[in-house]
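Worksheet for the structure shown next.
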Amino acid sequence: MTTHFQPPKHKSAVQLTGFALGLFLLPLLAQWVSFFEHYIDVMVFVGIYSIVTMGLCLLMGYAGQISLGHASFFGLGAYISGVITAKYGVNPWLCLILGMVISAAVAFVIGAPSLKLRGHYLAMATLAFCIIVTVIFNESTEFTGGPDGLAFIPGIAIMGCALDSVVKYYYFVWSVVLVLLFLCLNIIGSRVGRAMRSIHGSELAASAVGVGVAKYKIHVFVLSAVLASIAGSLYAHYLNFVNPASFDLFVSIKLLIMIILGGMHSLWGAIVGAALITFLSYEWLHYFGEAEVMVYGAIVLAVVIFLPSGVVSIPEKVRSLWGR
Amino acid sequence: MQEITFASQLLQYAITGLTIGSIYAMVAIGFNIIYNVTEAINFAQGEFVMLGGLLMVFFRVALNIPVIFSLPLTIMVVTVVGILLDRLAIRPLRKPTVLAMVIATIGASFFIKGAAMLIWGKNPFDFPPFSGRNPIAFLGAVVQPQGLWVIGCLVVVVIVLTLFFDRTIMGKALRACAVNAKASSLVGINVKYMILVSFALSAAIGALGGIVITPISLMEYDRGAMLAVKGFSACVLGGIGSFPGAVTGGLIIGLIESFGAGLISSGYKDVFALLVLLLVLFVRPSGLLGSVEVSKIRKF
């Protein structure tokens, strides 16, 4: 019975290996092509955002819940790592773990009451949470530096080897992404993943066959918050600077747009979406200047109306048109 | 110089709280109207309020149209925006799940916000109050005449809506959709049309709220999200789907915010309402006046 529902393991293993190989070759390619070099820096951010969107994808695509607070979990990780390493000189790895634990606890406190209810209470509760956290980042100036941000965050090192160049950090971030992607793909293929998909299909039917709907939704929400926190810590140590504007509601919406654009039912979509939106906002969208917000709104509307399964569904669609 | 006693200070906070609470109540009513028909939370509800305020500034100050004409004009324009929201963002959804609807309204709210920023820029605007700026002294506190207009408008909205839902066919059809959309379509109610009506109606109410509050608290392009969150807090506090709940919830949120800002800290003013939201979700998710069934089992 179990094999029937599982996606073919070898296929995803092949995809994963191919993807890893491509990522490995990219910086080598960049050495020869000069304008490519700068893209490695953007790709680091793509990796960081991918970690957040993978968690969000599990939450949205598989448990059917919207979160507008993931920028805050991202920020929580970044600020916990940033403040504690910069001001007290604690080991960055300890801070990363501390961030994960605190984010998980906060997510549980917010998620537990709102996920026991039907409907989209979580969306509003997390929206409220996001606004509160932004206020706290701005107001508690003695720790966070207030609106001006916190600078001089030290870098991170692996076993004494400092990650002091862009390419080194690129390999580090994308190794983390690949490990987490592998874990998430396994979750989806497992019993838990099937339970989550059944919740997305129909909560009533899922609970009728004995799936603990609220329990799974809370687990997924906590997991996604932990992933966001990891990404936040990596962000703080890469940029060596954090400010409240990097973690406000607009960022939460951007994260949401990444999922929707990429395709919320696929982890690959989460990564594709993160790449598209990160390149859009770092490289191309500043031509629009002030109209940027409007463009994001238009993207969401266009995708949700015309391409509800996101960019990753395009090959499928082309194939079905071809076959006709 | 009259001495300000603690009691009159409290009275002052109460008046301010009731004024701003009336706006939250109107936003909450707007949420409820759409929620009852579609089960979706309309994230663009706050943008209706923002648009109402800014359009009124445009008609009243830039074009200098008297209030008696510019007020209905503004409401009409925002109602059209509400109708367009349904036609362009909600109706075209091929699989109109609640999740898709919520995402569409989030996208629309960003689109409207961005458009407003391009049109009006980032500065706050206001226009002269309806009946002057001379405050009325009342038991040691002062009342802005515009504050009375705000509270009066809430009363009018409540009365008109009560009549609409009780006495007209369309209102009854909306109520039927709220109970069970599928069953209503079986008895010949056009549910898609009712969704359109619900968007138009909540846009109109949001616009009215935005118009009357702008002379007191000004209005700028990015006020929508915060208004939506507080309106939603009011909605949840009163019990989602319940109209008396929305009014009670709105006024209570307004009072908590005003007393919190006055007695505890004004820097964290916005946090109080949001803490109430989380607390209610924790302790009593059905709200003060809502029934438990509403939040747990609505659709079969």
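The values are calculated or read from the model by the stated rules, or taken from the named source; none is laboratory data. Keep in mind it's a predicted model, so treat the numbers as computed, not measured. Positions of Cβ are generated from backbone atoms using ideal geometry, with glycine treated the same way; all protein chains shown enter the neighbour counts. Remember, those area values only see protein heavy atoms, side chains included, never the ligands or the DNA or RNA. Shrake-Rupley method; radii C 1.70, N 1.55, O 1.52, S 1.80 Å.
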Filter result for A:Ala228 (of a type in the set (Gly, Ala, Ser) and crowded, with 22+ Cβ neighbours inside 10 Å): yes
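Closer than 26 Å to B:Phe43 by Cα, surrounded by 22 or more Cβ atoms within 10 Å (Cβ to Cβ) and within 11 Å of another protein chain (Cβ to nearest Cβ), is that true of A:Thr53?
no
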Quick test for you: out of A:Val220, A:Val272, pick the one residue that is in a helix (DSSP H, G or I) and either within 13 Å of chain B (Cβ to nearest Cβ) or closer than 23 Å to A:Ala112 by Cα (or both). A:Val220
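Having 2 or more residues that are in contact with a strand residue (DSSP E or B) (Cβ under 9 Å, 6 or more places away or on another chain) is the bar; report the helices (runs of 4 or more DSSP H) wholly within the range B:1-86 that clear it.
Numbers: elements: B:6-38, B:45-57, B:67-85.
Qualifying helices (runs of 4 or more DSSP H): B:6-38, B:45-57.
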Of all residues in the range B:98-110 being at the interface with chain A (Cβ under 8 Å from one of its Cβ atoms) and not small (Gly, Ala, Ser), the one that is surrounded by the fewest Cβ atoms within 10 Å (Cβ to Cβ): B:Val98
Only listed residue being out of contact with any Asp or Glu (no Cβ under 7 Å at 6 or more places or on another chain), open to solvent by less than 10 Å² (accessible area, probe 1.4 Å) and away from chain A (no Cβ under 14 Å), chosen from B:Ala200, B:Ala246, B:Ala234, B:Ala181: B:Ala246
If I ask for residues that are open to solvent by 60 Å² or more (accessible area, probe 1.4 Å) and either of a type in the set (Lys, Arg) or assigned to a helix (DSSP H, G or I) (or both), which ones from the range A:77-121 would you list? A:Lys87, A:Tyr88, A:Trp93, A:Leu94, A:Ile97, A:Leu98, A:Val101, A:Ile102, A:Phe108, A:Val109, A:Lys116, A:Arg118
Test of understanding: among B:Lys95, B:Lys113, which residue is loosely packed, with under 14 Cβ neighbours inside 10 Å and closer than 30 Å to A:Ala63 by Cα? B:Lys95
Only residues in the range B:40-59 that are within 14 Å of another protein chain (Cβ to nearest Cβ) count as the first member; pair them with residues that are assigned to a loop (DSSP other than H, G, I, E, B), Cβ under 7 angstrom, at least 6 apart or cross-chain, and list the lot. B:Ile41/A:His120
Subset of the range B:16-59 [open to solvent by 10 Å² or more (accessible area, probe 1.4 Å) and among the polar types (S, T, N, Q)]: B:Thr16, B:Thr19, B:Asn36, B:Thr38
Starting from residues that are in contact with a Phe, Trp or Tyr (Cβ under 7 Å, 6 or more places away or on another chain) and of a type outside the set (A, V, I, L, M, F, W, C), keep the ones in the range A:283-314 and report whichever is nearest to B:Val102 (Cα to Cα). A:Gly297
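If you check B:Gly82, B:Gly121, B:Gly132, which single one turns out to be under 30 Å from B:Asn36 (Cα atoms) and either out of contact with any His (no Cβ under 9 Å at 6 or more places or on another chain) or more than 14 Å from chain A (Cβ to nearest Cβ) (or both)?
Working: B:Gly121 fails: under 30 Å from B:Asn36 (Cα atoms); B:Gly132 fails: under 30 Å from B:Asn36 (Cα atoms).
Sole residue among the options that is under 30 Å from B:Asn36 (Cα atoms) and either out of contact with any His (no Cβ under 9 Å at 6 or more places or on another chain) or more than 14 Å from chain A (Cβ to nearest Cβ) (or both): B:Gly82.
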Taking the range B:72-120 and keeping residues of a type in the set (Val, Ile, Thr) and under 15 Å from A:Ile305 (Cβ atoms) leaves B:Ile90, B:Thr97, B:Val102, B:Ile103, B:Thr105, B:Ile106
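Kindly indicate whether B:Phe282 is open to solvent by 20 Å² or more (accessible area, probe 1.4 Å), more than 9 Å from every other protein chain (Cβ to nearest Cβ) and either part of a helix (DSSP H, G or I) or at pLDDT below 90 (or both). Spell out the reasoning first.
On the way: open to solvent by 20 Å² or more (accessible area, probe 1.4 Å): yes; more than 9 Å from every other protein chain (Cβ to nearest Cβ): no; either part of a helix (DSSP H, G or I) or at pLDDT below 90 (or both): yes.
For B:Phe282, the condition - open to solvent by 20 Å² or more (accessible area, probe 1.4 Å), more than 9 Å from every other protein chain (Cβ to nearest Cβ) and either part of a helix (DSSP H, G or I) or at pLDDT below 90 (or both) - is not met.
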For the range B:143-161: of the residues being in contact (Cβ under 8 Å) with a residue 40 or more places away in the chain and open to solvent by 70 Å² or more (accessible area, probe 1.4 Å), which is farthest from the chain's Cα centre (by Cα)? B:Gln144
